[in-house]
Amino acid sequence: MATSNGHVPLPLEGIRVVDATHIVAGPFCSMLLGDAGAEVIKVERPGGERGRRTRPYITHESGQWVSSRFLTVNRNKKSITLELRHPRGKAIFEELVRISDVVLDNWGPGAMKRLGLGYDRLSSINPSIIYASITGYGDSDALRGPYSRWAANNPCAQAMAGWMEITGEPGGRPQMVGDNVGDSVPGVWTAYGILLALESRRKTGLGQHVDMAMYDCLVAHNTSTIPVYQVTGQPPGRNRENMVQAQLTLKAQDGYVVLAGAGDEEKWVALWKLIGREELVQDPRYLGRDGTGLFFMNEVRPALEEWTRDMSKWDLTQTLLDLGFSAAMVQNAEDMMNCPHLETRNMWAEFDHPIGGRFVVPANPVKLSGVGEMPVRRPPLLGEHDEEVLCGLLGLSGEDFASIKAEGVV
């Protein structure tokens, strides 16, 4: 049904989310919900969540500063401050839960329960509430494992889920994937879990606990290593023996190009002829047959780089694509922010922040043809919406608001 402005409503309009999260995993999840139209009320301690203090900072001419990463994962939210260890703060939180649809938490195993705000308590206040928790290893009584009480973060999730074991140079130390995928990937899965719970509630009227483990989420992305292990009995590592020609990173004049998915012999024949190495066509190992991963690293790559090192990564990519290979430039942040394709795909969102000024962040990659543009509202200042939410939404009087402010509740 179209609204008065002619647009179909955003999918989550009318859904209210109480966002009791910090740093990356939880905020990334609630950002996705806010992008889809949910009203996200970010509940922070009076001093602000830890993510507000993550470097690097953007410093305003007034001397105020703001975390650039905080700006990246906290658009489309309201911010209130609330001391949940104070009885009045806890009572206000419970009133907010009573009129909301989702509570999201990533404070660690048992943290909300120790405050008296676990799922049992919240569901007694609002039986239709969906309580989603993101922890390192899971936090529900029915699925408690031997690691459930362990603290965890991005490096821990990548390590436990096998990503570090297959990342890095052969013979070298395990390495992390460079960005916070151990946080953002669980954030995406949790948003998906919340959507499933909302659909279940539509059918039953009942809420539930969405128990998300960072470890589980990253294990779910082992789409190659687990099958290889089951077939060979050997866990894939950094020795490249299981890669064969699946991925070659080639040095170009101004960076690197990745050549991938090169299984057809005809492509290799055309490539070796193009660069004047016809003699290699007689050796099946140079055509992707009978060659090990180490052979490709130690023999095929050096032969190709005699040609590629004098080419720009753009020209090299285009040449490989013209030959039928899958190929792509290895890009950095500057390359991506100047990428004409990403610009065409509307993959950058921009807002003006009172402290951070004009700031550009990756936009939501979901493209829905049936609704209008997803909103891009700047991340909130700390406690910016205290009065709006507590007085306007919960009905606190001006006197009550002044009182809890004086007590340090907000």
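Each value in this text was obtained by applying a stated rule to the coordinates, not by laboratory testing. Owing to the predicted nature of the structure, the values given are computational and were not obtained by experimental measurement. Quick reminder, even Gly has a Cβ in these numbers, built from the backbone with ideal geometry, and neighbours come from all protein chains shown.
Checked against the criterion of being in a loop (DSSP other than H, G, I, E, B) and surrounded by 21 or more Cβ atoms within 10 Å (Cβ to Cβ), segment 189-204 has no qualifying residue. For GLU169, the conditions (1) under 26 Å from GLU39 (Cα atoms); (2) acidic (Asp, Glu); (3) within 26 Å of the chain's Cα centre (by Cα) are fulfilled apart from (1). Considering only segment 143-151, I want to know if a residue exists there that is surrounded by fewer than 16 Cβ atoms within 10 Å (Cβ to Cβ) and under 30 Å from PRO362 (Cβ atoms). Checking segment 143-151: at least one residue is surrounded by fewer than 16 Cβ atoms within 10 Å (Cβ to Cβ) and under 30 Å from PRO362 (Cβ atoms).
With a requirement of 3 or more residues that are hydrophobic (A, V, I, L, M, F, W, C), the helices (runs of 4 or more DSSP H) lying completely within segment 76-164 that satisfy it span 87-98, 154-160.
MET31 satisfies every condition listed in (1) part of a loop (DSSP other than H, G, I, E, B); (2) closer than 27 Å to GLU95 by Cα except (1).
The single condition among (1) over 17 Å from LEU12 (Cα atoms); (2) over 21 Å from the mean Cα position of the chain (by Cα) that SER184 does not satisfy is (2). Per the conditions (1) surrounded by fewer than 21 Cβ atoms within 10 Å (Cβ to Cβ); (2) β-branched (Val, Ile, Thr); (3) in contact with an Asp or Glu (Cβ under 9 Å, 6 or more places away or on another chain), the sole criterion not satisfied by THR81 is (1).
The residues of segment 43-68 that are outside any loop (DSSP other than H, G, I, E, B) and within 17 Å of HIS353 (Cα to Cα), listed by number, are GLY51, ARG52, ARG53, TYR57, ILE58, THR59, TRP65, VAL66, SER67, SER68.
Applying the criterion of being closer than 16 Å to GLY108 by Cα and touching a Gly at 6+ places or on another chain (Cβ under 8 Å) to the residues of segment 29-53, the residue that is surrounded by the fewest Cβ atoms within 10 Å (Cβ to Cβ) is GLU44.
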